Structure formats: C-alpha cells, structure tokens
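Below is one structure, written out as structure tokens; comments come after it.
The values are calculated or read from the model by the stated rules, or taken from the named source; none is laboratory data. Fair warning: this is a prediction, and the values are worked out from it, not measured in the lab. Glycine also receives a Cβ, built like all others from the backbone with ideal geometry; neighbour counts cover every protein chain displayed. Remember, those area values only see protein heavy atoms, side chains included, never the ligands or the DNA or RNA. Shrake-Rupley method; radii C 1.70, N 1.55, O 1.52, S 1.80 Å.
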Amino acid sequence: TAKTQRHSGDDLNRGWRRALIIRVIAPGLLPLLMVGSGLALDPAKSIRHYNHDVWRIKQGLPSDTIRAIVQTRDGYIWVGTQAGLARFDGIRFTIFNTSNTKGLSDNVIFDLCEDPHGTLWIAHRGGLISHRDGQFRAYTTKDGLSSNSIRVLYEDRGGSLWVGTR
C-alpha cells in the first residue's frame, strides 16, 4: 500500500503558493513526486539533467496555488488548491469543486489527511468533508464543529483526527 504523505500548516503553505507539481525521474531511481523546485535532488545538478513533468492549470489542475497534497493508499495523489480539489491518477486530473460535487460549499481547500481506515478528510472554508468509497460527506457547525472554516487537519499516533479552525 502507498504510504500517506501529508504536508500542511501555515508555514509550509506559504512556501507552496504558486507551486508546481513536478514528477522527477532520476536515472536509476523510482519517480519522485515533488512540490516546489528541486527538493531532495542533487543541488550540483541542474533540473534539466533529470526527466521531469510539470503539471499546472494547462495540464488539468484547477489552480496553480496548491495548499495541500496527499497520496492515499489506493495510489491517487490528491491536491487541494484555491479553486477546488484534484485527484491525479498518474495521467490525468479529476476535478471536484462546488459546481460538480455535493458537499463542497467552497472551492478553497486548506488541508488533506487520510485516516487509517482509508477515509480522505478535506478541510475547507465551508467545513470538513470526508471522502470514502467515492462519496463525499460534509460536516459543519450543525454537526458540532466549532467553525465552518477548517484550516488544519492532524492525525495523532492514536488515530484521532484533530481539526483546527481559524
């Protein structure tokens, strides 16, 4: 199974604004998915020494402003942007936003987290959303949240999901 990779938090998100998703294939290595420029690459080499793909709006992302990224155990890469959620299968993006996804009441995605049961949790300005088995379910203050603007998600070692608001 794929190991979940989470990146979030205000400090990290500031560095991701206007970020690119880049797949770099270094000779003799498995593909690396990267955000930003040249993370974990040999700093003595130029990026042109690697085979790489760059995905932006032109290639199917809903926005070039990336706030969160996670790979779920089923292998999909999920990208939270300023203009909606994107699921990447290695070839193309599937976009989820307010115009095509019930439960999404706002397109600004702040954070993503997969729990141990395979549920993808989505923090956005309209509340908290779960995605499991192809279904989205929204949670708001009507369900007990203290705010409908969820900014940060964190899963602790015990498997509890912590929800941070503004």
| Calculated log₁₀ intensity ratio I(q)/I(0) where the Debye formula runs over C-alpha points of the range 73-129, q = 0.16, 0.18, 0.23 Å⁻¹ | -0.46, -0.58, -0.92
| query | Which aspartates and glutamates does LYS142 reach when only Cα atoms under 13 Å apart count, and residues fewer than 8 places away in its own chain are ignored? | reply | none
| Radius of gyration and maximum dimension Dmax of the range 49-91, Cα, Å | 10.9, 33
| note | Carbon and sulfur atoms account, in whole percent of the 1.4 Å probe accessible area of the range 46-117, for 45 percent
| request: Give the relative contact order (percent, whole number) for the range 95-137; include only Cα pairs under 8 Å separated by 6+ residues. | output: 30 percent
| query | Can you pull out the trypsin sites (Lys or Arg not before Pro) in the range 53-95 that DSSP calls coil and that have at most 16 other Cβ atoms within 10 Å? | reply | ARG56, ARG73, ARG92
| note | At R0 = 25 Å the Cβ-Cβ FRET efficiency linking TYR154 and LYS45, nearest 0.05, sits at 0.10
| Relative contact order (%) - the range 41-149, alpha-carbon pairs under 8 angstrom, separation at least six | 16 percent
